[in-house]
Amino acid sequence: MRALIARAAPGATQSLKWGMPAFSYARILVTFAAFKRHIGFFPTPSAVRAFKDQLVAYKTSRATIQLPLDKPLPKALITRITKFRAREAKVHDAKWMSR
C-alpha cells in the first residue's frame with residue numbers, strides 16, 4: 001500500500017496523522033490503516049465521489065474505502081485514486097496561492 005501510494009504521489013511527505021500513515025503535499029492526500037478484516041483507505045470525500053462507479057465492489061462511506069484482506073489489493077485503482085488526489089491538491093493549492 002505504502003509503495004503504491006509513494007509511486008503515485010512522487011515527492012509527497014510521509015507522516016502519521018491520527019495514528020495512520022499519511023501522504024501529503026501542502027495538505028493530506030490519503031491515509032490508510034490496517035484493521036482485522038480490511039485495509040481502510042481514506043482518500044477524502046471528493047475522491048470517493050469521483051470514483052464511486054469503480055468502487056461498487058467495496059464497502060465505502062463518505063471518505064473511506066474498505067479493501068478486504070481476503071481479496072487482492074486493487075493496485076491500479078489505488079494508484080488512480082492517489083494520482084487524482086495529488087492533482088486535486090496541486091490545483092487547489094495553486095488557486096489558493098494565486099489569491
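Applying the set (1) in contact with a helix residue (DSSP H, G or I) (Cβ under 6 Å, 6 or more places away or on another chain); (2) touching a residue at least 40 places away in the same chain (Cβ under 8 Å) to Thr60 leaves exactly one unmet item: (2).
In segment 36-49, how many are crowded, with 18+ Cβ neighbours inside 10 Å and aliphatic (A, V, I, L, M)?
Kept after step one, since they are crowded, with 18+ Cβ neighbours inside 10 Å, are these residues of segment 36-49: 38, 41-44, 47-48.
Applying the additional criterion that residues be aliphatic (A, V, I, L, M) yields 47-48.
So the count comes out to 2.
Exactly one residue out of Lys90, Lys75 is within 13 Å of Met1 (Cβ to Cβ), among the basic types (Lys, Arg) and out of contact with any strand residue (DSSP E or B) (no Cβ under 8 Å at 6 or more places or on another chain), and it is Lys75.
Within segment 1-35, being out of contact with any strand residue (DSSP E or B) (no Cβ under 7 Å at 6 or more places or on another chain), of a type in the set (Gly, Ala, Ser) and surrounded by 16 or more Cβ atoms within 10 Å (Cβ to Cβ) holds for one residue alone: Ala8. The set of residues from segment 34-48 being within 11 Å of Phe84 (Cα to Cα) and of a type outside the set (Val, Ile, Thr) comprises Pro43, Ser46, Ala47.
Values quoted throughout were computed directly from the atomic coordinates according to the rules given, and no laboratory measurement underlies them. Quick caveat: nothing in here was measured; it's all calculated off a predicted structure. Here the Cβ is made from the backbone with ideal geometry for all residues, glycine too, and neighbour counts use every protein chain on show.
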